[in-house]
Amino acid sequence: DTEVTQTPKHLVMGMTNKKSLKCEQHMGHRAMYWYKQKAKKPPELMFVYSYEKLSINESVPSRFSPECPNSSLLNLHLHALQPEDSALYLCASSQDTGTYNEQFFGPGTRLTVL
Amino acid sequence: DAKTTQPNSMESNEEEPVHLPCNHSTISGTDYIHWYRQLPSQGPEYVIHGLTSNVNNRMASLAIAEDRKSSTLILHRATLRDAAVYYCIPSNTGNQFYFGTGTSLTVIP
């Protein structure tokens, strides 16, 4: 199974809501990533987890809270978002954080903040 | 982080070869060069990667300059399904991917 799954596919939330995005892989990968992609722009790295520990936070606002409860699962908790946070949120995984490793991307969750 | 420069857009006729260039003059000695492509409304898809030598796989070939400051992705026979945005990404320590603006490839039937 070489697939990264993301749920939900689409999410609409208000600025006062709390919601979570979920990402799952069953390839035994020990590195997982969150990216944000605005329309017609390239993906931007948000967080990197290595062996279930947060290793990189690209100065992301605290209204985005990542969590890696186990090696297969990565969550992104959302709270008090702004309309400008509307974007495609992509999850990826790789064997580990070695530079030679291919990253496998999920299809993304399209988030709309009203 | 190594910065990349790619043409904003390119066109190719169907079944013709396509050469997509990338300049990464600030790449460090241990950064691999990854190429990904992204179709509309999909996540990026791996195409190929390499360090110093030219690389081939079933999708494409990667030609890396001897000084590693540039590389070229070669699609041997473009098909309509190859129309996508192509990104070259030097991966640094920690396998962090910093995407540039990429090249939007249009394939003309």
Problem set entry | Euclidean distance between Cα centres, the stretch B:30-109 to the stretch A:87-109, Å | 15 Å
Seminar exercise, completed: Of the candidates B:Ser41, B:Ser12, B:Gly29, the farthest towards the positive dipole end of the stretch B:1-45 (Lys/Arg Cβ +1, Asp/Glu Cβ -1, centred on the Cα centre) is B:Gly29
Exercise. Among B:Thr72, B:Thr30, B:Thr52, whose mean-square fluctuation peaks in a Gaussian network model of chain B (Cα, cutoff 10 Å)?
Worked result: B:Thr30
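Quick one: work out Rg over Rh on the C-alpha atoms of chain B, Rh as Kirkwood radius. Working shown, then result.
Values: Rg = 13.1 Å, Rh = 13.8 Å.
Ratio value, two decimals: 0.95.
Could you tell me what a quarter of the Cα convex hull surface of the protein assembly as shown works out to, in nm² with one decimal place? Each step should come with its number before you reach the end.
Numbers: hull surface 47.8 nm².
Projected area, direction-averaged: 12.0 nm².
Counting only C-alpha contacts under 8 Å and six or more residues apart, can you give the relative contact order of chain B as a whole percent? Please list the in-between numbers first.
Working: 272 pairs, mean separation 40.1, N = 109.
Once normalised by length, the contact order is 37 percent.
Hey, got the dipole for the stretch B:1-95? About the Cα centre, +1 on K and R Cβ, -1 on D and E Cβ, debye to the nearest 20? Walk me through the numbers before you get to the answer.
Numbers: 7 positive and 10 negative charges, 36 e Å.
Its charge dipole is roughly 180 debye.
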Problem set entry | the stretch A:6-114 - convex hull of the alpha-carbon atoms, volume per residue in Å³ | 95 Å³
Seminar exercise, completed: Taking a straight Cα-to-Cα line shorter than 12 Å from A:Lys38, and setting aside same-chain aspartates and glutamates fewer than 8 residues away, one finds A:Glu84, A:Asp85
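Every read-out reported here was derived from the displayed coordinates using simple, explicitly stated rules and does not represent laboratory data. Note that the coordinates shown come from a computational prediction; the quantities given were computed from them, not determined experimentally. Virtual Cβ from ideal backbone geometry, glycine too; neighbours counted across all protein chains shown.
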